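Shown next, in structure tokens, is the structure this report addresses.
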Amino acid sequence: MTYRSFPIGSRERPLQVAIVGSGPSGFYAADTLLKQKGLHLKVDMFERMAMPYGLVRYGVAPDHQKTKQVIRVYEATARDARFRLFGNVQVGRDLQVKELREHYDQIVYAVGCESDRRLDIAGEDLPGSHTATAFVAWYNGHPDHRDDLFDLSARRVAVVGVGNVAMDVTRILVQDPQALASTDIAEHALQALRKSEVEEVLVLGRRGPVQAKFTPREIREIGDLSGVDLAVGPEDLELDPFSRSQLEKGGFARRNYEYLKEQVCRKGRRGHRRVRLRFFTSPVEILGKQGRVGSVRMERNRLVWDEQGQSRCVGTGVIENIDVGLVFRSVGYRGIPIPDVPFDERKGLIPNAAGRVLRPPGDDTGTSEYVVGWIKRGPSGLIGANKRDSVETVRGMMEDIRGRTARSLPEGNHEVLERQLMERGIRPTHFRDWQLIDAEERDRGRARGKVREKITDPEEVASLLKTSQCREEGRSLG
């Protein structure tokens, strides 16, 4: 029997799909694929970490537990018999893209934007100057950042950027650590925050309040913190005519602006900690003191608009130096290239058209590779935006297989890759392994009065799984 006689996606020859990345966009893509009526398929998901869920596990703030409940949706997808998870496998290192092409009909890249854009100013790499991403990963127990060090003895901290991640960093820095004690915050971070001497966080936005990217919920959460004074000067709420016209459209911008106006009129609560928002301000240099961050030099901006309604910042020449002991940079994110996959260095994305990966002229790889999530559209939108995004990509995937007959795949295709990985000394983790890790983390959390206590050491994860495997083998022999 030859597979070529059957249409792809038929009972006789199911569609074989590989998804690279196990964050929200990857799981939404898998869910959308598995819900296609009349389509027979198998979906394998590859994740470089031993544990799944990406941004939800390592990016969502620990005091946003309701947001993390979306994992229940992903768990339902993972329990589908047509789905397999391969954790602890990094595509491009442990497994090459050309190998995926040999074993799958379609590949979906859902790898997000894991690196940060730079300020490109002097002093950016001084000790005490960090990316917001690293800090978020540290307090969320990401194995890559479990040993990072942040000097929280600084009295004043600067956070550069006014997106939701910048607000998360600010909120974690100033709130009472006891409010985090029952969450899934990493224990090493909780203990460090208990000893923190941070008194003031200076939040810098190069554009105005109307252009700020944080949501009304994020800024209100800071304003509602007990013992924290949220301040913004009236000069930072002065708007040019075009910005004012944008407020008439309503939405987040208007709600944010009205809330900030309330803060100007509100008497300070004289909290033991303070958050001060500074708009129309760009850091132009981070200055050192005794070999580490000592102050930030800032320039006042004004906005200039073109005929298409796009703004750019123009420095006014008004310079100010403010002493800070710590800087967190949150000015945008970019993807990391995967070997043998096209990458737009300027945009930091995989080039695509409605989710189909665009290859350079002369490349005959074909239209069998796709993107979803931030690596497709850029770092924008909340978690739910990835669902709509994945629907668009899957629609294109279905169009591309319509009427196609299947090519032959390697004998025993569904197991051969795992065997190859094991031969290379790589032990993939599957969903059943995650369930065991999940149960252990919850048990450890209950012992501390927390939602969960994340296991951050990869060697400890490997030991836990090995012990479990030995027990299962012992029971089967008995």
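Packing-based ranking of 306-312, 245-251, 220-226, 383-389 yields 383-389, 220-226, 245-251, 306-312, ordered from highest to lowest mean Cβ neighbour count within 10 Å. Shape class for region 332-441: oblate, because the ratio a/c of the largest to smallest gyration tensor axis (alpha-carbon atoms, square roots of eigenvalues) is 1.5 or more and b/c is at least a/b. Report the far tail of the P(r) of region 118-331, meaning the percent of Cα-Cα pairs longer than 22 Å. More than 22 Å apart: 50 percent of the Cα pairs in region 118-331. Mean sequence separation of contacting Cα pairs (under 8 Å, at least six apart), scaled by the length of the chain, corresponds to a relative contact order of 22 percent. Computed on region 118-331, with alpha-carbon pairs under 8 angstrom and 6+ residues apart, the relative contact order is 31 percent.
Between helix 251-265 and the chain there is an angle of about 30 degrees, using the helix long axis and the longest principal axis of the Cα atoms.
Between region 179-215 and region 397-450, what's the alpha-carbon centroid distance in Å? Region 179-215 and region 397-450 have Cα centres spaced 34 Å from each other. Per-residue packing, averaged as other Cβ atoms within 10 Å, sorts the ranges 395-406, 23-34 into the order 23-34, 395-406, beginning with the highest. Anisotropy class assigned to region 126-201 is rounded, per the alpha carbon gyration tensor with a/c under the 1.5 cut-off.
Taking the convex hull of the alpha carbon positions in the chain and averaging its projected area over all directions gives 26.9 nm². Between helix 164-174 and the chain there is an angle of about 60 degrees, using the helix long axis and the longest principal axis of the Cα atoms.
For region 301-397, the Cα gyration tensor yields ellipsoid semi-axes of 35, 17, 16 Å (square root of five times each eigenvalue, largest first, whole Å).
Computed over region 1-153, the quotient of the alpha carbon radius of gyration and 2.2 N^0.38 Å is 1.29. If you plug the beta carbon distance of HIS40 and HIS188 into 1/(1 + (r/R0)^6) with R0 = 60 Å, you get a FRET efficiency near 0.80.
For the residue pairs LYS195/LYS450; LYS42/LYS98; LYS98/LYS466, the alpha carbons lie more than 24 Å apart in LYS98/LYS466.
Sorting ARG302, ARG57 from the fewest to the most surrounding beta carbons within 10 angstrom yields ARG302, ARG57.
Less than 5 angstrom separates the built amide H of PHE328 from those of HIS130, ALA158, VAL159, VAL160, all sequence-distant by 5 or more or on a different chain. Normalised by the number of residues in region 126-248, the average gap of Cα pairs under 8 Å and 6 or more apart makes the relative contact order 29 percent. Rg and Dmax of region 1-71, based on Cα coordinates, read 16.1, 56 Å. Once the Cα-Cα distance is subtracted from the 0.36 nm per residue extended length, the LYS289 to ARG266 segment shows a gain of 4.7 nm.
Taken together, the values in this text are just the output of simple stated rules run on the coordinates, not laboratory data. Note that the structure is predicted; figures quoted are calculated from it, not measured. Here Cβ is always computed from backbone atoms with ideal geometry, including for glycine, and neighbour counts include all displayed protein chains.
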